[in-house]
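The values are calculated or read from the model by the stated rules, or taken from the named source; none is laboratory data. Predicted, not measured: the structure shown is a model, and the values here were computed from it. Counting neighbours? That spans all protein chains shown, and the Cβs are built from the backbone with ideal geometry, glycine included. Remember, those area values only see protein heavy atoms, side chains included, never the ligands or the DNA or RNA. Shrake-Rupley method; radii C 1.70, N 1.55, O 1.52, S 1.80 Å.
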Amino acid sequence: MIFDENSSHDESVGKPAPKIEFKIINENLDISNTGEIWIKGENVISKYWNDPLSDEKLIDGWLKTGDLGYFDDDGYIYLTGRTDDQINIGGEKVMPEEIENIVKQIPGVENAVAFGIEHGVFGQVVKLNVIKSQDSELDKLFILKFCIKHLERHKVPTKIDFVTEIPQTEYGKVKRFMLK
């Protein structure tokens, strides 16, 4: 992809590079215009060396990148997450950002991160880590009630913890792998 510094599409990663095809595949995602980004072109590998499991990411010349995103009307690509960030609750795929966006509406919530934790019956359930403002008297019960009111039942966190920091990259992206 090429990043266009003169673009008004500041949140995008740019447009596809020449001779590379992109498509968005939406399989079992709640978010309507978002899906996994697949790429095909001269620079895309045709086989992984000595790695049959990774070869499953290659389908008819298309590479399943694991990145989730969408195209805008001008052809710019926006990344929204990773397929391995999805929470699989009893077969339902849930994007953690959907839960986080709801929780961040609560006054006193500075930041929040949702992620899946193992569960014996459902496969995974939602855990929520919240950083609250210093002067906030926010409690877990209030957050839980807010989630029950604004989220579908299976998306409501089963465990909520207050934390002082959320692991992030130098670019501000959450390091979800460190939370699981």
Q: With the condition kept exactly as written, say whether any residue in segment 64-79 is surrounded by 13 or more Cβ atoms within 10 Å (Cβ to Cβ), over 29 Å from residue 12 (Cα atoms) and in contact with a strand residue (DSSP E or B) (Cβ under 9 Å, 6 or more places away or on another chain).
A: no
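Consider residue 118 carefully, then state whether it is under 22 Å from residue 86 (Cα atoms), open to solvent by 60 Å² or more (accessible area, probe 1.4 Å), part of a loop (DSSP other than H, G, I, E, B) and in contact with a strand residue (DSSP E or B) (Cβ under 9 Å, 6 or more places away or on another chain). Step through it out loud before you land on a result.
Details: under 22 Å from residue 86 (Cα atoms): yes; open to solvent by 60 Å² or more (accessible area, probe 1.4 Å): yes; part of a loop (DSSP other than H, G, I, E, B): no; in contact with a strand residue (DSSP E or B) (Cβ under 9 Å, 6 or more places away or on another chain): yes.
No: the conditions fail for residue 118.
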Q) Which one is modelled with the lowest pLDDT, of the residues in segment 129-151 that are surrounded by 14 or more Cβ atoms within 10 Å (Cβ to Cβ) and part of a loop (DSSP other than H, G, I, E, B)? A) 136
**Q.** Odd one out for residue 161 among (1) surrounded by 19 or more Cβ atoms within 10 Å (Cβ to Cβ); (2) more than 25 Å from residue 26 (Cβ to Cβ)
**A.** (1)
Q: Among residues belonging to segment 5-27 that are within 19 Å of residue 43 (Cβ to Cβ) and either modelled with pLDDT under 75 or of a type in the set (A, V, I, L, M) (or both), point out the one that is least open to solvent (accessible area, probe 1.4 Å).
A: 17
(Q) What's the number of the only condition in (1) in a loop (DSSP other than H, G, I, E, B); (2) surrounded by 14 or more Cβ atoms within 10 Å (Cβ to Cβ); (3) without any contact (Cβ under 8 Å) to a residue 40 or more places away in the chain that residue 107 fails to meet? (A) (2)
Q: Just one of (1) open to solvent by 20 Å² or more (accessible area, probe 1.4 Å); (2) modelled with pLDDT of 85 or more; (3) closer than 30 Å to residue 17 by Cα trips up residue 96, so point out which.
A: (1)
